[in-house]
Amino acid sequence: MKITVPMDSAAKAVGADEVVEALLAVAKDKGIEIDITRTGTRGMIWLEPLVEVEIDGVRHGFGPATPADAAAILDGSSDKALGPVEALDWMKRQTRLTFARVGIIDPLSLDDYQAHGGLAGLKRALSLTGQEITDEVKASGLRGRGGAGFPTGIKWQTVHDADAPQKYIVCNADEGDSGTFADRMIMEGDPFTLIEGMAIAGLGVGATKGYVYLRSEYPDAINVMRKAVDIARKAGVLGADVLGAGRAFDMEIRMGAGAYVCGEETSLLNSLEGKRGVVRAKPPLPALEGFLGRPTVVNNVISLATVPVIFEKGAQHYADFGLGRSRGTVTLQIAGNVARGGLFETAFGIGLDEVVNDLGGGTLSGRPVKAVQIGGPLGSYLPVSKFDAKLGYEELDSQGGLLGHAGLVVFDDTTDMLGMARFAMEFCAVESCGKCTPCRIGAVRGVETIDRIAQGDMEALPLLADLCETMKDGSLCALGGFTPLPVMSAVTHFPDAFSQTKEAAE
Amino acid sequence: MPTPEATIDSAQIGRIISSHTDLEGPLLPILHALQDAFGFVPSQAHAPIAEALNITRAELHGVISFYHDFQTAPQGRHVLKICRAEACQSVGGKALAEKTLAKLGLDWHGTTPNGAVTIEPVYCLGLCACAPAVMIGDKVIGRVDDTRMDSIISEAGA
Ligand SMILES: Cc1cc2nc3c(=O)[nH]c(=O)nc-3n(C[C@H](O)[C@H](O)[C@H](O)COP(=O)(O)O)c2cc1C
Ligand code: FES
């Protein structure tokens, strides 16, 4: 009996390892022969642990499984049966390009990877010049998935054109935004995709060395990525002679140290160099003076992990999906107080209402939705009245929102919006690198000002708006610069939470 | 497992440092390796690191103090990180954290008197679709409620 169970940390966090133990114990007890492969997660986190049993070549799902379900899953009588996994609504409605293999293959089997299209992109890239590679990325319309949405091909062009004895590819795997886990999921579920994407980037811009800066909060991802790099090196995917083509590219996994601001690219580079993770002034751009002062591509995990499929299927295939200037697919992460949370990859342009209420099924608590925060701790809180917004970079921006890394956190009607605004300031104060005053001091004053409002001091409200303006205009990076977004969106869309009537009503 | 300060082995410190010096940007890997070995970055390591990497002790101190991860003294036998970020808050993470701290009579970063558990805040564990989430050692746990939390801290010996 062929069985798969995810080893993704979200699956483990809800008991996947215990379910595997139970399956093995029952199988031994009953003399059933089973072969369990650990995979990434399909992304349907509300169904985790999701056990898949192969029946006549089709994978059937059982979930959310508990150890007590093991016997019934093995004898086919389980009431957790979901039918063929690929036929589930959540799976059928997706366009899985970047995440095509996640949940399906053994993450650390290079054979499995290749059997599912892996390395096809790298092989094609090896037949192209650096300029052709860069042009292909430009033609795909790929924009950085780390938050800013900067066109990846243009960034690569700058590094390609720079003349230097050494260039670098740095993958930003700091994924600190609340509500996001796509980077983690792909690193745990299909690590070779990221390795392949970095190798193609290296060939494109003429960089022979890569680093993945991976946050320490992700021990499982670190473990999988380190093993995958070793395997890739032994198999000649990485090293002095990539796939025997006479080109060099190698990479290392480096662990962060628990600083949110190190997700900001210049702070990340300082951290990688062994310095305090303070933000650098730009210019110079990292593309020209990055790691150790050398030209460096800094890209998000999902940006780089999407490169192989662009080269496998062609730039046009990728660019054909999407809306407006947002081309390709967006890897939505649906999280928080939501009935069905998880990862959903689809063409840009899907509506917010469809994501929260249809796919997500509304709140987990069963109460009305109050707000959704999109784009992490620096993103806006959007009220239900904005749910006709379309998820694309420009489209969301026009609604006062920020797509960022495409995480959506759902909140129900019990949420204290003043409390959330206060938290945004508090978080900024805790995580500020301290280099610029508007962020370092502004955030502390922000917490105090919101506390005054909470105590009914209405004069503090215009002060808060002023302070937010100062932070927005005067901060060196988007930590101080965008913290006003969640704060002021809460004030604007949920004014009751900031008015004296609140005290009176309670 | 944290090591008592008295038993820090300077030869081991030297080995850890020298095994990293050929890296580009070796400082964070060295600090992580020291913390792995001893449970914190021992002050005995400061001078040899500064010398090996040709940086001042002030610079080194600046780096160690910048990052939430690096500890300058031993922590409890288990470090329990409770997520404070938004997705966890949306499903009761704040109340869960407050109750846990109150039950143990601790503040954030505090350690139980018996040395069993240190409670640290963390801002997102990437488990936002199965929140509230915590991590004890390297083990992640999602959908944590009061009962689950009780068993986590009692198993840890708090
Ligand atoms: C405070 C702050 C935190 C950030 N955190 C991340 C992060 O965790 N991951 C990421 O890819 N980008 C993050 N960014 C964006 C990076 O600075 C940078 O734009 C990105 O790594 C570029 O890659 P991309 O073009 O592929 O998106 C952050 C930015 C700021 C200001
Ligand atoms: S917000 Fe707590 S795990 Fe992401």
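Taking the range B:84-145 as the region of interest, the strands (runs of 3 or more DSSP E) fully inside it that hold 1 or more residues being touching a residue at least 24 places away in the same chain (Cβ under 8 Å) and within 14 Å of chain A (Cβ to nearest Cβ) are B:117-122, B:134-136. Under the condition of being of a type in the set (Gly, Ala, Ser) and either within 16 Å of ligand 2 (Cβ to nearest atom) or assigned to a helix (DSSP H, G or I) (or both), the residues counted in the range B:68-83 number 0. On inspection, residue A:189 passes the criterion of being away from ligand 2 (no atom under 16 Å from the Cβ) and within 19 Å of residue A:305 (Cβ to Cβ). Within the option set A:471, A:420, being within 16 Å of ligand 1 (Cβ to nearest atom) and of a type in the set (A, V, I, L, M) holds for one residue only, A:471.
Tell me whether the range A:155-173 contains one or more residues that are in contact (Cβ under 8 Å) with a residue 12 or more places away in the chain, within 16 Å of ligand 2 (Cβ to nearest atom) and crowded, with 24+ Cβ neighbours inside 10 Å. Within the range A:155-173, one or more residues are in contact (Cβ under 8 Å) with a residue 12 or more places away in the chain, within 16 Å of ligand 2 (Cβ to nearest atom) and crowded, with 24+ Cβ neighbours inside 10 Å. Residue B:158 meets the conditions (1) within 16 Å of ligand 1 (Cβ to nearest atom); (2) modelled with pLDDT under 95 in every case but one. The failed one is (1). Kindly evaluate residue A:214 against the criterion of being touching a helix residue (DSSP H, G or I) at 6+ places or on another chain (Cβ under 9 Å), farther than 20 Å from residue A:305 by Cβ and either surrounded by 23 or more Cβ atoms within 10 Å (Cβ to Cβ) or in contact (Cβ under 8 Å) with a residue 12 or more places away in the chain (or both). Here the answer is no, as residue A:214 does not meet what is asked. Within the range A:371-389, the set of residues being away from ligand 1 (no atom under 16 Å from the Cβ) and under 15 Å from residue A:334 (Cα atoms) comprises A:371, A:372, A:381, A:382, A:387. Under 26 Å from residue A:189 (Cα atoms) and touching a Gly at 6+ places or on another chain (Cβ under 8 Å): is that true of residue A:374 in this structure? Against the criterion (under 26 Å from residue A:189 (Cα atoms) and touching a Gly at 6+ places or on another chain (Cβ under 8 Å)), residue A:374 qualifies. Taken over the range A:426-448, the residue count meeting the criterion of being crowded, with 24+ Cβ neighbours inside 10 Å and more than 13 Å from chain B (Cβ to nearest Cβ) is 4. Every listed requirement among (1) under 14 Å from the mean Cα position of the chain (by Cα); (2) more than 16 Å from ligand 1 (Cβ to nearest atom) is met by residue B:95 save one, (1). Pick from the range A:299-353 the residues that are part of a strand (DSSP E or B) and farther than 17 Å from residue A:143 by Cα: which of them is farthest from the other protein chains (Cβ to nearest Cβ)? Applying the filter and picking the extreme gives A:351. Among the residues of the range A:247-264, the ones that are under 24 Å from the mean Cα position of the chain (by Cα) and in a loop (DSSP other than H, G, I, E, B) come to 5 in all.
Listed by position, the helices (runs of 4 or more DSSP H) enclosed by the range A:92-140 that each have at least 1 residues that are within 18 Å of residue A:227 (Cα to Cα) are A:110-115. Of the set (1) within 16 Å of ligand 1 (Cβ to nearest atom); (2) out of contact with any helix residue (DSSP H, G or I) (no Cβ under 6 Å at 6 or more places or on another chain); (3) among the charged types (D, E, K, R), all apply to residue A:177 but (2). Filtering the range B:146-157 to residues that are free of Cβ contacts under 8 Å to residues at least 60 places away in the same chain and either away from ligand 2 (no atom under 16 Å from the Cβ) or in contact with a Ser or Thr (Cβ under 9 Å, 6 or more places away or on another chain) (or both) leaves B:146, B:147, B:149, B:150, B:151, B:154, B:155. When the residues of the range A:92-106 are narrowed to those that are basic (Lys, Arg) and farther than 17 Å from residue A:306 by Cβ, which ends up nearest to the chain's Cα centre (by Cα)? The extreme case among them is A:93. Would you be able to tell me the number of residues in the range A:265-296 that are part of a loop (DSSP other than H, G, I, E, B), within 14 Å of chain B (Cβ to nearest Cβ) and more than 13 Å from residue B:67 (Cβ to Cβ)? Total meeting the criteria: 4. A residue that is assigned to a helix (DSSP H, G or I) and of a type in the set (A, V, I, L, M, F, W, C) occurs somewhere in the range A:455-462.
The values are calculated or read from the model by the stated rules, or taken from the named source; none is laboratory data. Since this is a predicted model, take the numbers as computed values, not measurements. When we count neighbours, we look across all protein chains shown, and the Cβ atoms used for this are built from the backbone with ideal geometry, even at glycine.
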